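Chemist: Structure below; questions to follow.
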Amino acid sequence: MTLENIKLDVDYVRSQFPAFKDPLSKDWSFFENAGGSYVPCNVINKLTEFMTSTKVQPYADYPMSKIAGENMDKATKLFANMINSKENEILIGGSTSINLYVLSNALKKFISPGDQIIVTNQDHEANISPWRRLEGVGAKIIEWQFNLDNFELEYSTLEKIINPKTKIIAVTHCSNIIGSINNIKKITELAHKNNIIVIADGVSYAPHGFPDVKELDVDFYTFSLYKTYGPHLALLYGKEEILKELPNQNHEFLNGKYPYTINPGGPNHEELVSLIGIYEYFEGLYNHHFQNKRITISNKIKKINELISLHEEEIANPILKYLDDSENFKLIGKNKISNKNRAPTISFTSKKMSSKMLSKKLVDNQIATRNDNFYAWRCLKALGIDADDGVVRISLAHYNSIEETKKLIKVFDKI
Ligand SMILES: Cc1ncc(COP(=O)(O)O)c(C=O)c1O
């Protein structure tokens, strides 16, 4: 079978997520996925299993402890395979914001007074503030601003602002407001020619397809696991050659034992183990759609990513078109997804009412969404949008259906 005649089986997908059967949520169209996604039963089962049978201190020789430790290692290994990294290049922390503050503290050692750090005004604050704080050690912060006509972070602008003093570029893989996907590989190529470290925020990208970090060649990449169908944790990937050089921010006796040296403390055990459930879900998804079982985990992920992208295009493009054609709304970002140039994270404002009121009307019609600045207040400021009222954001995931898209458009018509 070729990909052309395989489509994502959305009924199968939805059958894996208990929220679609739960009395509280089953009648709602859930469009707040960029805030946090639902979890499949595999994740819930893994969490329950851990809490029931192995909720003890891991890595001792008695069976409950041994299995707990083995499962923690297994979760890390599987995630490394899924994003094509090595196991010792992965750190699991409480959130992306925490991971990036911890990382900026560690990278301080590479910054001398007068060095430059590039941040953007398209990013979520989590990938801005930790770097701006390095002004405290003498760094000069340069803002890479997006083009207000097309909302894009332009490569030609980056070429102009980097110079021999630039040490770090912190940039989002995908804006959580504009939805555009930035070319991290191209940015990294330019950065590496100039000995610059790239930190990419993949929080809005990863729910639509786990990245291949080696292909991107990025130095650090982070995403929030609670938005990729898991518990409230976040993953930070770092290239081994750089991780090795970072200072020990953990207990003294761990000196040299990277990556355990980066986070001051260990991860949440039960949630870490539940990540096996994300892998199992994707493995099940692959097996449901494809026959060839003899390919690597990261290649399976790539096949699923393609299915997901095609489905997301199909369910998001009618919404983008509706908003773009409408006299009443102002769509932010590209009006069509093609070739994964945009995520199905759709922000807009109304020309007739506040975002708060618009969001309330959608909620009154069982559309789960909200208005906010989604912590990308610099982006909203550049767009001239009141950061308190913010935008309304409809953010889709692969488990959303075309029926939900049609329902949303009907509700738009009504309100
Ligand atoms: C693009 C983006 N980056 C970073 C973050 C911060 O993630 P966390 O909540 O895990 O700190 C978010 C959260 O919404 C986000 O959307």
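The values are calculated or read from the model by the stated rules, or taken from the named source; none is laboratory data. Because the structure is a prediction, the values reported are computed rather than measured. Glycine gets a Cβ as well: all are built from the backbone with ideal geometry, and neighbour counts include every protein chain shown.
Chemist: Return yes or no: is Lys381 within 22 Å of Ala126 (Cβ to Cβ), surrounded by fewer than 17 Cβ atoms within 10 Å (Cβ to Cβ) and of a type outside the set (Gly, Ala, Ser)? First the steps, then the outcome.
Modeler: Working: within 22 Å of Ala126 (Cβ to Cβ): yes; surrounded by fewer than 17 Cβ atoms within 10 Å (Cβ to Cβ): yes; of a type outside the set (Gly, Ala, Ser): yes.
Here the answer is yes, as Lys381 does meet what is asked.
Chemist: Still on this structure: Can you name the number of the only condition in (1) more than 20 Å from Lys410 (Cβ to Cβ); (2) modelled with pLDDT of 95 or more that Ser326 fails?
Modeler: Of everything listed in (1) more than 20 Å from Lys410 (Cβ to Cβ); (2) modelled with pLDDT of 95 or more, Ser326 misses just condition (1).
Chemist: A follow-up question, please. Only residues that are among the polar types (S, T, N, Q), under 30 Å from Arg393 (Cβ atoms) and either in contact with a Phe, Trp or Tyr (Cβ under 7 Å, 6 or more places away or on another chain) or part of a loop (DSSP other than H, G, I, E, B) (or both): list them for the range 177-200, please.
Modeler: In the first step, residues of the range 177-200 are kept if they are among the polar types (S, T, N, Q); the result is 180, 182-183, 188, 194-195.
Add one more test, that the residue is under 30 Å from Arg393 (Cβ atoms), and what stays is 180, 182-183, 188.
Of everything in the range 177-200, those that are among the polar types (S, T, N, Q), under 30 Å from Arg393 (Cβ atoms) and either in contact with a Phe, Trp or Tyr (Cβ under 7 Å, 6 or more places away or on another chain) or part of a loop (DSSP other than H, G, I, E, B) (or both) turn out to be Ser180, Asn182, Asn183.
Chemist: For Tyr375, only one of the following conditions fails: (1) of a type in the set (Phe, Trp, Tyr); (2) farther than 22 Å from Ala126 by Cβ; (3) not in a strand (DSSP E or B). What is its number?
Modeler: All conditions pass for Tyr375, except number (2).
Chemist: Also: Where in the range 1-100 are the helices (runs of 4 or more DSSP H), entirely inside, with at least 1 residues that are surrounded by 22 or more Cβ atoms within 10 Å (Cβ to Cβ) and within 16 Å of the ligand (Cβ to nearest atom)?
Modeler: On the way: elements: 10-15, 41-53, 63-83.
Answer list for the range 1-100: 63-83.
Chemist: What is the number of the single condition among (1) within 16 Å of the ligand (Cβ to nearest atom); (2) modelled with pLDDT under 95 that Gly256 does not meet?
Modeler: Result: Gly256 passes all but (1).
Chemist: Select from the range 172-194 the residues that are without any contact (Cβ under 8 Å) to a residue 60 or more places away in the chain and either closer than 18 Å to Phe348 by Cα or within 11 Å of the ligand (Cβ to nearest atom) (or both) and list them in ascending order.
Modeler: Result: Thr172, His173.
Chemist: Here's something else I'd like to know. Considering only residues that are under 26 Å from the mean Cα position of the chain (by Cα), of a type outside the set (S, T, N, Q), surrounded by 18 or more Cβ atoms within 10 Å (Cβ to Cβ) and within 22 Å of Glu327 (Cβ to Cβ), which ones fall in the range 385-415?
Modeler: Answer for the range 385-415, where residues must be under 26 Å from the mean Cα position of the chain (by Cα), of a type outside the set (S, T, N, Q), surrounded by 18 or more Cβ atoms within 10 Å (Cβ to Cβ) and within 22 Å of Glu327 (Cβ to Cβ): Ile385, Asp389, Gly390, Val391, Val392, Arg393, Ile394, Leu408.
Chemist: How many of the residues in the range 217-243 are touching a residue at least 40 places away in the same chain (Cβ under 8 Å), more than 9 Å from the chain's Cα centre (by Cα) and either part of a loop (DSSP other than H, G, I, E, B) or more than 11 Å from the ligand (Cβ to nearest atom) (or both)?
Modeler: 13
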